[in-house]
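Structure record follows, encoded as structure tokens.
The values are calculated or read from the model by the stated rules, or taken from the named source; none is laboratory data. Keep in mind it's a predicted model, so treat the numbers as computed, not measured. Counting neighbours? That spans all protein chains shown, and the Cβs are built from the backbone with ideal geometry, glycine included. Calculation scope for accessible area: heavy atoms of the full protein, side chains included, ligands and nucleic acids excluded. Shrake-Rupley method; radii C 1.70, N 1.55, O 1.52, S 1.80 Å.
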Amino acid sequence: MYYNPWQMTEVTQRNLPHWQQEGKLYFITFRLSDSIPTQKIRKWKAQREIWLQTHPEPLSEADIKEYETLFPEQLNDWLDAGMGECRLRTPANIGIVADALRFFDGKRYRLSDYVIMPNHVHLLLQPAQNKSLPKILHSLKSYTSQEINKREDRKGSLWQSESYTRIVRSPEEHSHFQHYIANNPEKAGLQLPKEAILSTL
């Protein structure tokens with residue numbers, strides 16, 4: 001279920017690098033479209049571009065660890081600051097996302113842990129055999145966007161188009177992400193309703 005350096009890895013790149021291996025467990029973050037101001041994202045992307053130019057593929061494990069610290073962790077800190085409209089504060093919207101996450105659990109994927117924060121979602125998910133992670137995420141985001149917009153009588157994109165995905169490397173990293181998800185509300189100074197969090201700890 002963890003990353004295997006000897007197994008074929010599909011690597012794609014949009015704004016973020018995405019590694020995919022069949023049957024692996026992923027830590028995933030997707031966020032609302034207004035969750036981080038454009039100016040902050042522009043600066044973050046420029047710094048990341050410089051880093052990527054000086055760290056060509058294939059990245060070593062040390063490079064990956066440095067990348068995680070400098071870039072995804074920075075984004076998570078900004079997300080926890082609670083910027084934007086935070087449309088996932090509403091219990092009804094939390095319910096839409098939670099129900100969608102659980103609907104295909106055991107069919108398209110195995111859902112382990114998740115937390116639905118006011119402007120983003122973290123989860124641990126393992127796609128079923130022959131199921132595409134990008135298609136799973138597209139389906140989840142498309143459905144929840146439609147349902148939340150319908151409920152609020154709105155139009156337009158709800159989610160940022162690109163999600164952050166990372167193949168879990170080891171049991172130790174798995175435990176780290178489980179604790180991160182379970183502790184994220186407290187770290188952000190929030191008390192969430194019970195349907196906003198699923199923890200296997």
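Which lysines have a Cα lying under 24 Å from the Cα of K187, excluding residues fewer than 8 positions away in the same chain? Cross-link targets: K40, K65. Quick one: if the Förster radius is 25 Å, what FRET efficiency do H138 and D77 give, using the C-beta to C-beta distance and rounding to 0.05? Calculated value: 0.40.
For E49 and K194, what does the FRET efficiency come to when R0 = 30 Å and r is the distance between their Cβ atoms, rounded to the nearest 0.05?
Here the calculated transfer efficiency is 0.15.
Of the options [x] -0.41, -0.50; [y] -0.49, -0.58; [z] -0.58, -0.69, only one is log10 I(q)/I(0) by the Debye sum over Cα atoms at q = 0.10, 0.11 Å⁻¹ as computed from these coordinates, and that is [x]. Excluding ligands, DNA and RNA, the accessible surface per residue across the range 47-135 is 49 Å² with a 1.4 Å probe. Bridgeable lysines around K131 (alpha carbons under 18 Å apart, same-chain partners fewer than 8 residues away excluded): K24, K107, K141.
Along the axis of the charge dipole computed for the chain (Cβ charges of +1 for Lys and Arg, -1 for Asp and Glu, origin at the Cα centre), the listed residues W6, Y109, A182 are led at the positive end by Y109.
Nonpolar atom fraction for the chain, defined as the carbon and sulfur part of the 1.4 Å probe accessible area, stands at 52 percent. For T69 and N130, a Förster radius of 35 Å and the Cβ-Cβ distance give a FRET efficiency of 0.55, rounded to the nearest 0.05.
Taken along the Cα-to-beta-carbon direction at a fixed 7 Å, the label points for K40 and K155 span 2.9 nm.
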